[in-house]
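The values are calculated or read from the model by the stated rules, or taken from the named source; none is laboratory data. Here the structure is a predicted model, which means the values were calculated and not measured. Using ideal geometry, Cβ is built from the backbone for each residue, glycine included, and neighbour counts are taken over all protein chains shown.
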């Protein structure tokens, strides 16, 4: 999975419909989030093409299916999607939730809150670049930061490396870390 755009503050992309399950219209969704408990609580989803407003669907049920690489896939039953043909039309669509439906802990942020933030190094206050990409590599979630020369710097999304982003200023502090990259 790769996020490459500033997501709406109102709607947050949480996955992609990657297929159907069974004959009764269930869809399978690959999640962008590792938080299973939160995903299982969603009761309404926006499903549509990437970058365009989706149609709102009511969730009847969600269950977890584990994949070989320890990733999770969700099998979701949506109200008024009652056939495999109707479910197939949603294949490849983006799944989003309303931000107000996400219960965040104090100082907890979503990946989308980091997107487009200017990264400033804690050690010297210099601007490193802008977070443009998010990669879900099998071993490590990673931010892609584009510097002023247009080069991409990959830095892990580990909380020990990052301060909480300031959504108002669009800045995030990268804690002291020696960053080397080839140009």
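Before moving on, here are some points about what is shown:
- Listing of strands (runs of 3 or more DSSP E) fully contained in region 2-51 that carry 1 or more residues being at pLDDT 85 or above, out of contact with any strand residue (DSSP E or B) (no Cβ under 6 Å at 6 or more places or on another chain) and in the same structural domain as residue 170 (by TED's automatic domain parsing): none
- Counting only residues that are under 20 Å from residue 40 (Cβ atoms), in contact (Cβ under 8 Å) with a residue 40 or more places away in the chain and outside any helix (DSSP H, G or I), region 95-107 holds 6 of them.
- Contacts under 7 angstrom Cβ, first residue in region 148-172 being in a helix (DSSP H, G or I), partner surrounded by 13 or more Cβ atoms within 10 Å (Cβ to Cβ) and at pLDDT below 80, 6 or more apart: 161/177
This table checks each residue for (1) in contact with a strand residue (DSSP E or B) (Cβ under 7 Å, 6 or more places away or on another chain); (2) outside the structural domain of residue 140 (by TED's automatic domain parsing); (3) modelled with pLDDT under 95.
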position: 74; (1), (2), (3): yes, yes, yes
position: 77; (1), (2), (3): yes, yes, no
position: 92; (1), (2), (3): yes, yes, yes
position: 95; (1), (2), (3): yes, yes, yes
position: 105; (1), (2), (3): no, yes, yes
position: 117; (1), (2), (3): yes, no, yes
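- The residue that is nearest to residue 156 (Cα to Cα), among those in region 120-137 that are without any contact (Cβ under 8 Å) to a residue 24 or more places away in the chain and in a loop (DSSP other than H, G, I, E, B), is 137.
- Within region 138-147, considering residues that are at pLDDT 85 or above and assigned to a strand (DSSP E or B), the one farthest from residue 124 (Cα to Cα): 142
- Test: residue in region 62-69 that is surrounded by fewer than 16 Cβ atoms within 10 Å (Cβ to Cβ), at pLDDT below 85, assigned to a strand (DSSP E or B) and outside the structural domain of residue 154 (by TED's automatic domain parsing): yes
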